[in-house]
1. The conditions are (1) crowded, with 17+ Cβ neighbours inside 10 Å; (2) touching a residue at least 40 places away in the same chain (Cβ under 8 Å), and residue 124 fails exactly one of them. Which is it?
2. Just to be sure, is residue 297 modelled with pLDDT under 95, over 23 Å from residue 369 (Cα atoms), assigned by TED's automatic domain parsing to the domain that holds residue 409 and among the basic types (Lys, Arg)?
3. Somewhere in the range 269-280, is a residue in contact (Cβ under 8 Å) with a residue 12 or more places away in the chain, in contact with a helix residue (DSSP H, G or I) (Cβ under 6 Å, 6 or more places away or on another chain) and over 30 Å from residue 324 (Cβ atoms)?
4. Would you be able to tell me the number of residues in the range 194-246 that are assigned to a loop (DSSP other than H, G, I, E, B), without any contact (Cβ under 8 Å) to a residue 60 or more places away in the chain, under 21 Å from residue 402 (Cα atoms) and not polar (S, T, N, Q)?
5. State yes or no: is residue 40 out of contact with any Phe, Trp or Tyr (no Cβ under 8 Å at 6 or more places or on another chain), farther than 19 Å from residue 364 by Cβ and free of Cβ contacts under 8 Å to residues at least 60 places away in the same chain?
6. Going by the structure shown, is residue 228 more than 20 Å from residue 259 (Cβ to Cβ) and in the same structural domain as residue 261 (by TED's automatic domain parsing)?
7. Within the range 365-377, is even one residue at pLDDT below 95, among the aliphatic types (A, V, I, L, M) and within 30 Å of residue 173 (Cβ to Cβ)?
8. Give me the strands (runs of 3 or more DSSP E) completely within the range 271-378, filtered to those with at least 2 residues that are surrounded by fewer than 22 Cβ atoms within 10 Å (Cβ to Cβ), ordered by residue number.
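The values are calculated or read from the model by the stated rules, or taken from the named source; none is laboratory data. Worth saying up front: this structure is predicted, and the values here are computed from it rather than measured. When we count neighbours, we look across all protein chains shown, and the Cβ atoms used for this are built from the backbone with ideal geometry, even at glycine.
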Amino acid sequence: MPNKLILLVGTNPLPDFVVAEHFLLHTTSLKSVTLLYSEKTEYQGGTKDYAENLQNLLRSRHKERDLGFELIPLSDVSDAKEIQRNLRDRLIKYLQQTESVHFNYTGGTKAMGIHVYRWLEWYAKEKNLPVSFSYLDARTFQIVDDEKGRITDDLRNKVSLSLEELIKLHGFERENEQSDDFDLFNNAIKKFQELIDNDTLETYFTHYDRAVFVDEKGKILNKTEKLKQKIENNSIKQGAFLEVVKLMPEEYRLFSNDGSFKGPKTNKHTEKAIEFLDGKWLELYIYKVLTEKISDKNNAIYLNWEIKKPEWKNPNQNFQLDVILLKGYQLIGISCTTSNRKDLCKSKGFEIFMRTRQIGGEEARAALVTRLSESQKKEVQSELEIDTGGRGNILVLGANDLKECILIEKIRDFIK
């Protein structure tokens, strides 16, 4: 069993964490972890921050161990001779203090992997130092040893971390606080579920005129008086829309039971009520179904996280994930839209794919929940698969997939 683990740190440190966590959990002889990262220069981006994030995460999770870390920069990750010189000048002194080495070459660039591998093979032979090699297979989520083959099962079932740990590993932080929307609108969410189960959801949109509830720029109204003026004292016809409103908390109801304008308690209540009616109900419904049917010790479900880089000064740079599913260490980001416009849905699908990759690495997947028809859904699915590079990267769900039993089957199949 190795005394030292060597990892290559690129812009996606998640595979490094998974490999290190596995060996730390199963190898009592492991005493130190060496992280080889790209030094920031005029010609290459640096990954020192990712190496430090990884070191901090592993230390926080294994406080009971006397674990050593060495962070070693590589000054030119595309130059074989320079990589070899760095290893000779910066790594040898640590190798002289160990009895056996394991090198996992999943992270970093291809050039880093090849040249570090070759140099370690040479050095180990020269010094009679036991060395072994492996990589983390992104398709099966297993560690594959060069000599022994697959030495683990699916590590998503063995290695897990919290969403907070995951985003911090990639240099992000959460901006917003947990809301009470799910508990607040629970009865109304159940009504939406009833409409979906009875194939009558479209009757809700028959009476929900979005133009009434947004301003000229398409933003949710945040003034009760402005909403009152737009409605012009017209009552809302009886129907699914009013049935939903009746089940909202009293201080958030826009209309009385007879459909006449009522007005919530404050402007903030008005804004929050419209947000819910305009589409937040869908993400709350998805969260409800996943929490009840999929959530377990290995599948964690999160709701509405706004995420940013600490150095971002403009709030417009922040982005939001509606629903997040963490299967062990694999992130599945879910974006929800009540739109049935193909162009808008495709745009949201591409955005959620890019965002999940930012905070979850290449292992991340994305799902888009919409009201698209079956034919439009298939078109968007096909187009996004081409844009994102593979069928397993993204899942598009439409109006016919919203029933609980169908939704769960599709999600479970997607995250296998």
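1. (2)
2. For residue 297, the condition - modelled with pLDDT under 95, over 23 Å from residue 369 (Cα atoms), assigned by TED's automatic domain parsing to the domain that holds residue 409 and among the basic types (Lys, Arg) - is met.
3. no
4. Qualifying residue count, the range 194-246: 2.
5. Details: out of contact with any Phe, Trp or Tyr (no Cβ under 8 Å at 6 or more places or on another chain): yes; farther than 19 Å from residue 364 by Cβ: yes; free of Cβ contacts under 8 Å to residues at least 60 places away in the same chain: yes.
It is true that residue 40 is out of contact with any Phe, Trp or Tyr (no Cβ under 8 Å at 6 or more places or on another chain), farther than 19 Å from residue 364 by Cβ and free of Cβ contacts under 8 Å to residues at least 60 places away in the same chain.
6. On the way: more than 20 Å from residue 259 (Cβ to Cβ): no; in the same structural domain as residue 261 (by TED's automatic domain parsing): yes.
Against the criterion (more than 20 Å from residue 259 (Cβ to Cβ) and in the same structural domain as residue 261 (by TED's automatic domain parsing)), residue 228 does not qualify.
7. Among the residues of the range 365-377, not one is at pLDDT below 95, among the aliphatic types (A, V, I, L, M) and within 30 Å of residue 173 (Cβ to Cβ), which makes the answer no.
8. The strands (runs of 3 or more DSSP E) meeting that bar are 299-308, 319-327.
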